[in-house]
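Below is one structure, written out as structure tokens; comments come after it.
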Amino acid sequence: MAHTTIKVESSIRDRLAILAAEKNTTIAGLVGEFATHTLTQSERDEQVAKTLEVLHALSGYAPDPEQDRTADDELTRRLGSAA
């Protein structure tokens, strides 16, 4: 397996080392875990589309963009008041 170097500020490297140690792994392992488990925007968009398809198939619910915005705003408001 080929390796590469990623340049970051020393403060970021130090923080990554602490985080890796807390997870009993290396910085490379930490970065690999992050890259493996973090969805790209296109992957998130695909999951949203699939979820909406299932929601519509099961319940007939098909929110329009305005309903989506309203729901997002309400969720943000509720999460903000819980913090």
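If R0 is 25 Å, the Cβ-Cβ spacing of T25 and D72 corresponds to a FRET efficiency of close to 0.15.
Against the chain, whose longest principal axis comes from its Cα atoms, helix 10-22 is set at around 80 degrees.
Counting only helical runs of four or more DSSP H residues, what would the 222 nm mean residue ellipticity of the chain come to if each run contributes -39,500 (n - 2.57) and the total is spread over all its residues?
Theoretical 222 nm ellipticity from helices: -24000 deg cm²/dmol.
Helix 41-59 and the longest principal axis of the Cα set of the chain meet at an angle near 30°. Highest GNM mean-square fluctuation among D45, D73, D14, for the chain modelled with Cα contacts below 10 Å: D73. Once you have a ≥ b ≥ c as the square roots of the Cα gyration tensor eigenvalues for the stretch 30-81, tell me rounded if a/c is under 1.5, and otherwise prolate or oblate according to whether a/b is larger than b/c. Oblate, because a/c is 1.5 or more while a/b does not exceed b/c. Applying a DSSP loop filter and a limit of 14 other Cβ atoms within 10 Å to the trypsin sites (Lys or Arg not before Pro) in the stretch 1-66 leaves K7, K23.
Using a probe of 1.4 angstrom and keeping all protein chains present, the accessible surface of the chain works out to 90 square angstrom per residue.
Rounded to the nearest 10 degrees, the angle from helix 27-37 to the longest Cα principal axis of the chain is 20 degrees.
Tell me, what % of the accessible area of the chain is carbon and sulfur with a 1.4 angstrom probe?
Heavy-atom surface of the chain belonging to carbon and sulfur, 1.4 Å probe: 58 percent.
Here the label points at T36 and D64, each 7 Å from Cα along the C-beta direction, are separated by 4.5 nm in the simple model.
The values are calculated or read from the model by the stated rules, or taken from the named source; none is laboratory data. The shown structure was predicted, so the numbers you read here are calculated from the model rather than taken from an experiment. In this analysis, Cβ positions are derived from the backbone assuming ideal geometry, glycine residues included, and neighbour counts consider all displayed protein chains. Keep in mind that these areas ignore ligands, DNA and RNA; they rest on the heavy atoms of the full protein, side chains included. Shrake-Rupley method; radii C 1.70, N 1.55, O 1.52, S 1.80 Å.
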